[in-house]
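**Q** Mind having a look at this structure? Questions to follow.
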Amino acid sequence: MRRREPEDVRRRQLIEATIDSLAEIGFNASTLAQIARRAGVSPGLVAHYFGDKDGLLEATLRSLSLRLYRATASRLRVAHGPRARVQALIDANLAPEEFDQRTSSVWLAFWGQVLHSERLRRVQRVYQARMLANLRHDLRDLVAAGEVHRLAITIAAVIDGLWLRSSLSAAGETDSVSARQVASAFVDAQIAAAPAAPVDGPRMSMPLQTHAGHIGGRYRPTGGETFETRNPATGEVLAAIEIAGEAEIEAAVEAARKGQKLWAAMTGAERGRILKRVADILRARNDELARLETLDTGKPIQETSVVDVLSGAECIEYYAGLAASLSGEHVDLGPSAFGYTRREPLGIVAGIGAWNYPLQIACWKSAPALACGNAMIFKPAELTPLTALKLAEIMAEAGVPEGVFNVVNGFADTGRLITRHPAIAKVSLTGEVGTGKKVMADAAGTLKYVTLELGGKSPLIVFDDADLDDAVSGALLANFYSAGEVCSNGTRVFVHERVREAFLDKLVARVGKMVVGDPLDPATQVGALISPDHMEKVLSYIARGRAEGAKLLAGGGRVTANGLDKGCFVAPTVFDGCADEMGIVREEIFGPVMAVLSFADEDEVIARANDTEFGLAAGVFTRDLARGHRVIAQLQAGTCWINHYNVTPIELPFGGVKQSGLGRENGRAAIEHYTQLKSVYVNLGRVEAPY
Ligand code: NDP
């Protein structure tokens, strides 16, 4: 078993004291000082660990949710079949310990506060989303697709309702056993009454279709050459995709030219209203789109159902809101003249996407482009063409005029036709550094604007005063989310030598528990890599790390057990004892491979962190905020985090410096990249000429 650090024990003790306090005297009377007294420590120490009362309450709610999550996960692991798994959820949520007086009064105290505290609400949202995702996953095999969402919500409501009634009734109206019986009978009756799930076809399959490009508001089949897109978790072919050649690019440009005129003539508020509808439809179709993204990318449904589609929807909503406020400025030039600027769209712009966040990238590029009055031609990566096509369908459904958002598919040749096209004013690429350079060179021929979101090898620095649990959480998020296929990943983890051992103990224990598996299973935390070629590349880096003398602490190979042998699964891998000059420390691997390095001194680690051609992201974990800001100010990176990693709110600009890119996506900054200013001088007097 993992040795518990004194700090762990102290945090646990304070959380327990909080639970006792909430159970006995309720929310309002539970103050930091009172909880500290109960735990026999000073209020200062509580503040040291948790910041303030809100921080302590959030940690307590997280701990309660985590306990329930673990109990659910362990029941799900031994449940066979979809009905048994639904039962496992009921049993975990209505277990005797959840009906215990102390636990239920604490849950009640929290639910009462959730409406008033954004921090608590975030924790609760994750808890609810997880329950629904689990239910939906299993109900898909039990009832027809149209019934899944409704039934999942109904079952969740019955579980919550039974628990709530029982917790509020003084007379012990129900106990755990009878509540579970009621819920169970209810679920059986509902499943029996609902239309059944189709019996044919394995879970991961979908009908094989040929998809043409989506041009001018509809699919335009050409019957031309196609390529296949596959599910990297199974190798199964998902669809055939028509390759766009010169004729299709010309058709897209023509459609965009017409659409853009109409679109730019609308007011910003009108464009915003339509884009808001796009965001609403994306949200409403979250589950279906998340599932498609999981099939196409191999990323776990646990991620795609709460991040990929929603982050895209948030981005579109954000720019829909900004659209009405786009404006130029008035410039006073004295009594006889003034000037003003008009912020105008560029015209037709292009987006070229990478394969790791296909739908999100399509949204991140199209949202500011369209809000500013441009039309877009978007080319997804050839490995992941499916969800951008869905976005095009949704745009049409929401009322975006024909030709304003077009999707063409293909390989680099198709990309080149776009980047060299004289009618296209700008190209925004997300991809590798080498591709970025080629795109920039091609764009130079017609003097296009470029935004380049490229690769990285970002540093994550853990100082000796950091909260080590948080720092480990940060390092896990920075390396293993999306199986490590995230451009901003902090894959060079510099840990202060005084805490290196403790950090590694915690890290290795948590990595050991990570669940690699079927990406469609909500319990899976690490899905498949994007393709066999990419998996081989990642495995070759792991072999290289070993050969270079790095010490393997976790993972280190392919995962094939439990039916994963047809997919591209690699275990989360941690190397310790890494040196700055090793290949695994210098080059972007884009897989689940973390390199841990140690350091002794602030100036030293800053210099080493900056010693790279890349500059996409960086992170610092320290309790000393002055140091946090001081170090971040010296790091050469476009996107930085203090005491967190890889969170990318749409409101903050995102992008890189050095070889990691040019320009910014998201935030108000992106507006600059999708508009041009026209300066207008207005004379109010006579024109004096010396002639
Ligand atoms: P690639 O650079 O291989 O491809 C990116 C896109 O460019 C694809 O659609 C590709 O087409 C297209 N393309 C390739 N060559 C050309 C060309 N000469 N002209 C025009 N288009 C071209 O990147 P990946 O798809 O492999 O994505 C992984 C990379 O993306 C990593 O380096 C990662 O760091 C980076 N990335 C950066 C992000 C950021 O925001 N900074 C975010 C996500 C990823 P096709 O593949 O279809 O042939």
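Read the figures in this text as sums done on the coordinates, not as results from a lab. In this text the structure is predicted, and so the values were computed from the model without any measurement. Here the Cβ is made from the backbone with ideal geometry for all residues, glycine too, and neighbour counts use every protein chain on show.
**Q** Just want to confirm a number: the relative contact order over region 1-107, from Cα pairs under 8 angstrom separated by 6+ residues, in percent.
**A** Relative contact order comes out at 27 percent.
**Q** Excluding residues on the same chain fewer than 8 positions from residue 506, give the lysines whose Cα lies under 20 Å from its Cα.
**A** 551
**Q** I need the calculated FRET efficiency for the pair residue 118 and residue 69, taking r as the beta carbon distance and R₀ as 22 Å, to the nearest 0.05.
**A** For residue 118 and residue 69, the calculated efficiency is 0.55.
**Q** Moving on to the next point. For labels at residue 634 and residue 413 in the simple 7 Å Cα→Cβ model, what's the distance in nm?
**A** About 5.2 nm separates the two model spin labels.
**Q** Compute the acute angle (0 to 90°) between the alpha-carbon long axis of helix 468-480 and the principal axis of greatest extent of the alpha-carbon atoms of the chain; round to the nearest 10°.
**A** 50 degrees
**Q** Please work out whether region 640-691 counts as rounded, prolate or oblate from its C-alpha gyration tensor, where a ≥ b ≥ c are the square roots of the eigenvalues and a/c under 1.5 means rounded, while otherwise a/b larger than b/c means prolate and anything else oblate?
**A** prolate
**Q** Tell me the Kirkwood radius of region 281-404: reciprocal of the mean inverse pair distance over distinct alpha-carbon atoms, in Å.
**A** Kirkwood hydrodynamic radius for region 281-404: 15.8 Å.
**Q** Also, I was wondering about something else. Below 11 angstrom from the Cβ of residue 311, what's the summed charge of the other residues (Lys, Arg +1; Asp, Glu -1)?
**A** -4
**Q** Something else about it: Quick one: what Rg and Dmax do you get for region 551-648 from the alpha carbons, in Å?
**A** Considering region 551-648 through its Cα atoms, Rg and Dmax are 16.1, 50 Å.
**Q** Could I ask something else about it? Write down the Kirkwood hydrodynamic radius of the chain, to one decimal in angstroms, obtained as one divided by the mean of 1/r over all alpha carbon pairs.
**A** With all distinct Cα pairs of the chain included, I get 27.3 Å.
**Q** Over region 248-352, what lengths in whole Å, largest first, do the semi-axes of the equivalent ellipsoid take, defined as the square roots of 5 times the eigenvalues of the alpha-carbon gyration tensor?
**A** 36, 19, 12
**Q** Here's a follow-up. In whole Å, largest first, what are the principal axis extents of the Cα atoms in region 406-513?
**A** 57, 25, 19
**Q** Stretched out fully, how many nm does the piece from residue 547 to residue 498 gain, at 0.36 nm a residue minus the Cα gap?
**A** Computed gain between residue 547 and residue 498 is 14.9 nm.
**Q** How would you rank 111, 263, going from fewest to most other Cβ atoms within 10 Å of each one's own Cβ?
**A** 111, 263
**Q** ³J(HN,Hα) across region 677-687 via Karplus (A = 6.51, B = -1.76, C = 1.60, θ = phi - 60°), whole Hz, x for Gly/Pro?
**A** For region 677-687, the Karplus-derived couplings read 9, 10, 9, 10, 9, 10, 8, 10, x, 7, 9 Hz, x marking Gly and Pro.
**Q** As a footprinting exposure proxy, order 605, 177 by other Cβ within 10 Å, with the fewest listed first.
**A** 177, 605
**Q** In deg cm²/dmol, rounded to 500, what helix-only [θ] at 222 nm does the chain give when every DSSP H run of at least 4 residues adds -39500 (n - 2.57) and the total is split over its residues?
**A** Result for the chain, helices only: -16000 deg cm²/dmol.
**Q** Check residue 328: other-chain or 5+ apart residues with amide H under 5 Å from its amide H, H built from backbone geometry?
**A** 343
**Q** If Lys and Arg each add +1 and Asp and Glu each add -1, what is the summed charge of the other residues whose beta carbon sits under 14 Å from the beta carbon of residue 96?
**A** -1
**Q** Measure nothing but the geometry: give the 0 to 90° angle between the long axis through the Cα atoms of 309-323 and the longest principal axis through the Cα atoms of the chain, rounded to 10°.
**A** Long axis of 309-323 versus the principal axis of the chain: about 50 degrees.
**Q** What's the local net charge at residue 386, with K and R +1, D and E -1, over the other residues with C-beta under 12 Å away?
**A** Overall, the nearby charge balance is -3.
**Q** For region 618-691 and region 159-196, compute the distance between their C-alpha centroids and round to whole Å.
**A** Between the Cα centres of region 618-691 and region 159-196 lies a distance of 53 Å.
**Q** Still on this model: Please express the shape of region 328-473 as an equivalent ellipsoid: the semi-axes are the square roots of 5 times the eigenvalues of the C-alpha gyration tensor, given largest first in whole angstrom.
**A** Working through the eigenvalues yields semi-axes of 31, 26, 18 Å.
**Q** Send over the Kirkwood Rh of region 383-459, from the inverse of the averaged 1/r over different Cα pairs, rounded to one decimal Å.
**A** 14.0 Å
**Q** Please give the Cα centre distance for region 6-68 versus region 486-526, rounded to the nearest Å.
**A** Rounded to whole Å, the Cα centres lie 27 Å apart.
**Q** Sorting check: for 128-140, 37-49, which peptide has the highest mean count of neighbouring beta carbons within 10 Å, and how do the rest follow?
**A** By packing density, highest mean first, the sequence is 128-140, 37-49.
**Q** Using only alpha carbon positions, build the gyration tensor of region 433-575, then give the equivalent ellipsoid semi-axes as the square roots of 5 times its eigenvalues, largest first, whole angstrom.
**A** 29, 22, 15
**Q** Please report the orientation-averaged projected area of region 76-202, defined via the convex hull of its C-alpha atoms, in nm².
**A** 8.7 nm²
**Q** Return one number: the angle in degrees, 0 to 90 and rounded to the nearest 10, between the long axis of the Cα atoms of helix 500-512 and the longest principal axis of the Cα atoms of the chain.
**A** 90 degrees
**Q** Run through the DSSP bridge list for the chain and note the antiparallel percent, rounded to the nearest 5.
**A** Antiparallel bridges make up about 40 percent of those DSSP assigns within the chain.
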